[in-house]
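Notes follow once the structure below has been shown.
The values are calculated or read from the model by the stated rules, or taken from the named source; none is laboratory data. It should be emphasised that the depicted structure is a prediction, and the values quoted were computed from it without experimental measurement. Here the Cβ positions follow ideal geometry from the backbone for every residue, glycine too, while neighbour counts run over all protein chains shown. For accessibility, only protein heavy atoms count, side chains too; no ligands or nucleic acids. Shrake-Rupley method; radii C 1.70, N 1.55, O 1.52, S 1.80 Å.
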Amino acid sequence: MGATAKPAGDDEARLSRALTFTSGKLLKKVRNNAIKIHWIGSGDRFWFRHELAQGSEFLLVDASTGNRRPAFDHQSLATALSRATGETLDAGNLPLTSLEFSNDPRQLIVGIEDALFGCDLEKILCTRKPDAAPVGDLVASPDGSSVVFRRDDNLWLRTLATGQERQLTHDGIWDFAYGDTDAYLDEAKVATRRAGAPAPLLGVHWSPDGRYILALRQDLRAVPARLVLTEYLPPDKPDPVMHVRHVAVPSDPQRAESAMTIIDVRTGITTRAQIDPQSMNDWALPYFTLGGFIRWDSAGDAFIISANRGGTRYRLSKVDMRTGAVRDVVTEEGRFSLRLNPYDYARPNVHVLNNGREAIWYSERDGWGHLYLYDVATGAVKRQLTKGPWVVADLVRIDEAHRQVYFTATGRERGRNLYYRYLYRVSLDGGAPQLLTPEDADHEFDADHDFWEGPQPGSDFSPGGQYFVDSFSTATAPARYVIRAASGKLIAKLAEADDSALRTSGWKAPEQFVTKAADGKTDLYGVIYKPRDFDPTKKYPVIEQTYPGPQGKFAPSTFRGYFNYMQPLATAELGFIVVYLDGRGTAYRSREFRDTFRGTDDPFGSADHAAALRNLGKARPYMDLDRVGVAGQSFGGYGSLRSMLLHPDLYKACVSSVGPGEWIDFPGDTSNERFFGVPGQSKQARDYFDLVSNVRLADQLKGNLLLIYGGVDEIVPMRSGFKLIDALVRANKQFDLLLVPDSPHHVGAEPYGVERTMRFFMDHLGGPRDR
């Protein structure tokens, strides 16, 4: 039968139907999909918000028994809050954002957005508490009695009870001030300015006993001041606002030098820590400034992580807080950048025991990501704690009293999904790991995974470590929640997500697949999304959605992951087959898997993605490989365009959102030199930046291209997009361009960007056809 495309007039109906299937709308059909556990004080009780068919309830749970009860009298609280706010609040839909308990269950402190209320449920009375002062530029002492702040480039101390202030440092100067860093993770400049909020004071840490402060500053005078972005349409000003800051790029001969000062708060004495001025590079800088890693032993000394430029050498170092002496405990070097966690944006899997005698260090030295126990005094490895062809994901908890390490790992349970995470524990004194979460599912311990985003929904240990709530889901079933003892013993079932309304809408779980990489041997994993009215007798255009960066793994492998910002379900509903896969070069596999494409002109392994699509098409005749598109954002924006430039015979259409055109003058982001090297080290290193540039390949564009950029993107500045645009114009290439003046980095995931992407693929790839 001849090929027949749907009439063009059907496009609006297709689009309208698809936009009802976006991730946000679908997730509203799933109750209790992302429960967040809130432990109370240091005990074994917690509260959580439980969604019901109509409204929700707040429950108080005793983890030792699993017994649960209402956390408070919902009707009394609704009445009291209604009187206090002047709004009518429903007892079944209380909009609480925080909840604090006292010894008296009738006395609560509750939050609604940014407001706090003290509530007496016996009197049915709530009183608004005074708004807290902005704390972004204040760093509180452990006991909360005083704060450190910056004034005139130096650090000052304020005693809160008296308001008394005293100057702590005197050597801070302009552009070498305390709190000054080449902060490449500062992504909130626009929001901070518009809110009139102070810039956060980064890199200032108190010792747990409150005696010492360890403070970082970087000498920005040698780093050029660069225009990072321009707010062309600021809502609060008639003229554009320029944001200029000192920020290094790969072509700079060196990054900012660092200085670290020890302040004895009791005596006022300051001591310079004897760190290498070039030791705060790669992920070491955000580990310190954002609190991703700093450990203190019982003697009061600090342990920090340092790294060279490019991240090929990492160290764990001990800082003597009395003398400033620095001693390296662990030093590890590699041919390529090292990882201290398989996911770049997570906390490092490094820990120093409180007695300061032993340290846990993560390494891929045997080809897989594992944990090693070190003797701090000698710097020698005492033992390898985990071993085998599998990967430790996250250090979750260390029980020092019982010498047990709790961690998640992938790939250890044979015959199961390779990317499912499970919780294990292993003794610091050796032995085999013990599986604590036996269900064939992904067990999500993300309570503090992204160290700058803070706790997220997921599994979590009680403060004392005797119990944990286990949140797990599979590729086909949403989250279930149970309470377990630290031994893994099941205490009670807590809750279950309900996806019945979602399935009533016609939703079905995507198809998971395993196929071969470009080498014909390596297994690659991914998912295929199909429209609800899928007909296997037709041929469908194919869209690959991609984020091929080495930072982690990104193809969904669990229920919650299916509903992501790329809108794969809505895109499929347009009449496309949507494919998402992880090729070689991504994480949670072996070191060899991750480093496969290093040093080539295909740094993110588009060859694997092209091979996988062809493999899938051979076994699935409904996939029309003559009509293949690719879309990605950020690193995915670079990777999607790179795929089409390197494989024009396969990819006929591309939507590249906020993708850097090249990397040699890309500001700040540690990932550039981490993945592509340090260009100043050699001519070969410098030439590699040209090899991986999409700007260089602009004249090879053959397919249909839509570029999307946001005017206030603080991660991929407009200048990077303009370089690519200029190269395409000079090459006389035809392409579409969407600039959204007041949109940030997620411009492509905003409603207008999503709709434009959908229309672009409909225009250039069409829809289902008869075979």
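Miscellaneous remarks
- Cross-chain or 6+ apart pairs with Cβ under 7 Å, segment 638-651 first and modelled with pLDDT of 95 or more, then charged (D, E, K, R): Leu646/Asp602; Pro648/Lys702
- Residue in segment 379-391 that is among the aliphatic types (A, V, I, L, M), under 19 Å from Ala346 (Cβ atoms) and part of a strand (DSSP E or B) present: yes
- Of the residues making up segment 34-65, those that are under 23 Å from the mean Cα position of the chain (by Cα) and either of a type in the set (Lys, Arg) or open to solvent by less than 20 Å² (accessible area, probe 1.4 Å) (or both) are Ile35, Lys36, Ile37.
- Checking Tyr547, Tyr525 one by one, the residue that is touching a residue at least 24 places away in the same chain (Cβ under 8 Å), open to solvent by 10 Å² or more (accessible area, probe 1.4 Å) and not in a loop (DSSP other than H, G, I, E, B) is Tyr525 and no other.
- Residues satisfying the stated conditions in segment 550-581, i.e. open to solvent by less than 20 Å² (accessible area, probe 1.4 Å) and part of a helix (DSSP H, G or I): Tyr562, Pro568, Leu569, Ala570, Thr571, Ala572, Glu573
- Candidates Pro510, Pro478, Pro541 - the one that is over 24 Å from His443 (Cβ atoms) and not basic (Lys, Arg): Pro541
- Subset of segment 481-531 (residues that are out of contact with any Lys or Arg (no Cβ under 7 Å at 6 or more places or on another chain), more than 27 Å from Thr437 (Cβ to Cβ) and among the polar types (S, T, N, Q)): Thr504, Thr515
- Where a residue in segment 275-293 is farther than 14 Å from Tyr345 by Cβ and its partner, wherever it lies, is at pLDDT 95 or above and among the small types (Gly, Ala, Ser), with Cβ under 6 Å and at least six apart: Pro277/Ser258; Ser279/Ser306; Met280/Ser258; Asn281/Ala307; Ala284/Ser306; Ala284/Ala307
- Only listed residue being at pLDDT below 95, over 19 Å from Gly636 (Cβ atoms) and either out of contact with any Ser or Thr (no Cβ under 7 Å at 6 or more places or on another chain) or open to solvent by less than 60 Å² (accessible area, probe 1.4 Å) (or both), chosen from Asp763, Asp770, Asp726, Asp713: Asp770
- Test for Asp328: is it in contact with a Gly (Cβ under 9 Å, 6 or more places away or on another chain) and open to solvent by less than 40 Å² (accessible area, probe 1.4 Å): no
- Identity of the residue in segment 663-685, assigned to a loop (DSSP other than H, G, I, E, B) and open to solvent by 30 Å² or more (accessible area, probe 1.4 Å), that ends up nearest to Thr586 (Cα to Cα): Asp669
- Residues located in segment 487-511, provided they are surrounded by fewer than 20 Cβ atoms within 10 Å (Cβ to Cβ), of a type in the set (A, V, I, L, M, F, W, C) and either in contact with a helix residue (DSSP H, G or I) (Cβ under 9 Å, 6 or more places away or on another chain) or not in a strand (DSSP E or B) (or both): Ala501, Trp507, Ala509
- Check on Tyr565, at negative phi, at pLDDT below 95 and either acidic (Asp, Glu) or in contact with a helix residue (DSSP H, G or I) (Cβ under 9 Å, 6 or more places away or on another chain) (or both): yes
- Residue match in segment 151-159 (condition: surrounded by 15 or more Cβ atoms within 10 Å (Cβ to Cβ), within 27 Å of Ser42 (Cβ to Cβ), modelled with pLDDT of 95 or more and touching a Lys or Arg at 6+ places or on another chain (Cβ under 6 Å)): no
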